[in-house]
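*Asks:* Here it is: the structure, laid out below.
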Amino acid sequence: VKYPLAFERLVSCFNRFQGIGRKTSERLVFDMLSRWDSEAIEEFSHALSGLRQGVMTCPECRTHIETLPCPFCSDERKNAKLLCVVASSKDVYAIDTTNLFPGTFYVLGSLLSPLDERGVDSMDMPLLKKRVHSGIEEVIFALDSSLEGDATAAYLRNELAPLSLKMSRLATGVPVGTSLDFVDRGTLSRALSGRYQL
Ligand SMILES: [Zn+2]
């Protein structure tokens with residue numbers, strides 16, 4: 001016997017999440033059906049349908065934010081000569097909460113695969129270069145300590161080399177193979193203060 005069609009549709013939606021497989025998706029939908037009341041399901045559906053309208057991407061730093069002016073770009077106390085390059089919006093929020101990075105941000109959107117340069121388009125290099133041209137003196141790469149993070153840092157270093165900037169990368173405080181979002185605040189702050197020059 002097959003699952004009901006509506007059940008199946010929701011399962012395949014959950015299944016799109018990274019790291020959530022078919023079995024987990026089924027468990028989530030069963031949980032919803034057996035434990036959530038209709039109000040909770042309604043709220044979930046409202047939250048989903050409002051996501052696109054309620055979240056925008058800053059045209060300068062590309063962080064997911066609520067509204068313009070961007071809280072990360074428009075803060076007068078930020079050092080506009082210092083730019084931190086990260087893979088995703090969640091890294092911007094993570095670094096911001098440490099209160100230890102005084103500069104501005106740029107979100108790449110993805111990391112490069114070490115074997116080819118897939119992902120270059122989503123980084124929007126023209127926008128990054130334009131950003132760097134607007135008075136940036138130091139760029140810090142806050143990227144995962146992984147093959148992808150290394151490939152991305154190497155690619156960006158080459159691309160930005162003609163602009164004669166100071167470039168650095170987060171220090172070894174970030175364990176090899178660890179994503180930035182799993183790193184605790186103490187480790188992240190040590191990595192930020194002990195960054196090494198490229
Ligand atoms: Zn911004």
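*Asks:* Based on the Kirkwood radius over alpha-carbon pairs, what value in µm²/s does the Stokes-Einstein equation return for the translational diffusion coefficient of the chain at 20 °C and 1.002 mPa s?
*Replies:* Details: Rh = 19.0 Å.
D = 113 µm²/s.
*Asks:* What's the percent breakdown of Cα-Cα distances in region 4-112 across 10 Å bins, shortest bin first?
*Replies:* Bin by bin from 0 Å, the calculated values are 12, 31, 24, 22, 9, 1.
*Asks:* For the pair residue 37/residue 15, report the inter-label distance in nm, with labels modelled 7 Å from Cα in the Cβ direction.
*Replies:* 3.2
*Asks:* Rounded to the nearest 500, what is the chain's calculated 222 nm mean residue ellipticity when only DSSP H runs of at least 4 contribute -39500 (n - 2.57) each, over all residues? Could you put the intermediate results ahead of the total?
*Replies:* Working: 9 runs with 86 residues, N = 198.
That comes out to -12500 deg cm²/dmol.
*Asks:* Additional query: Within the chain, which is the longest segment that contains none of the GluC sites (Glu not before Pro) sitting in a DSSP loop with at most 15 other Cβ atoms within 10 Å?
*Replies:* Details: sites that count: 66, 76, 117, 137.
Looking at the chain, 1-65 is the longest stretch - no exposed GluC sites (Glu not before Pro) with at most 15 other Cβ atoms within 10 Å.
*Asks:* Report the residue, chosen from 91, 37, 144, that carries the largest GNM mean-square fluctuation when the chain is represented by alpha-carbon nodes joined by springs under 10 Å.
*Replies:* Among 91, 37, 144, the largest mean-square fluctuation in the Gaussian network model of the chain belongs to 37.
*Asks:* In addition: If the only charges are +1 at each Lys and Arg Cβ and -1 at each Asp and Glu Cβ, what is the size of the charge dipole of region 34-88 around the Cα centre, to the nearest 20 debye? Present the calculation step by step, with values, prior to reporting the outcome.
*Replies:* Numbers: 6 positive and 8 negative charges, 92 e Å.
The dipole of region 34-88 has a size of about 440 debye.
*Asks:* Now for a different question. Taking only protein heavy atoms into account and a 1.4 Å probe, give the accessible area per residue of the chain in Å². Intermediate values should be presented prior to the final figure.
*Replies:* Values: 12190 Å² over 198 residues.
Result: 62 Å² per residue.
*Asks:* A follow-up question, please. For the chain, give the percent of accessible area contributed by carbon and sulfur heavy atoms, probe 1.4 Å, rounded to a whole number.
*Replies:* On the way: 6620 of 12190 Å².
Reported share for carbon and sulfur atoms: 54 percent.
*Asks:* Let me ask you something else. State the percent of C-alpha pairs, over all pairs in region 1-43, separated by a distance greater than 14 angstrom.
*Replies:* Summing the P(r) of region 1-43 above 14 Å gives 50 percent of all pairs.
*Asks:* I've got another one for you. Give the range of the longest stretch in the chain that excludes all trypsin sites (Lys or Arg not before Pro) found in loop regions by DSSP and having at most 12 other beta-carbon atoms within 10 Å. Display every interim value, and only then the final one.
*Replies:* Working: sites that count: 2, 16, 77, 118.
My reading of the result: 119-198 is the longest stretch.
The values are calculated or read from the model by the stated rules, or taken from the named source; none is laboratory data. Just so we're clear, the structure is a prediction, and the values are computed from it rather than from any experiment. Don't worry about glycine lacking a Cβ; one is built from the backbone with ideal geometry, like all the others, and counts go over all protein chains shown. For accessibility, only protein heavy atoms count, side chains too; no ligands or nucleic acids. Shrake-Rupley method; radii C 1.70, N 1.55, O 1.52, S 1.80 Å.
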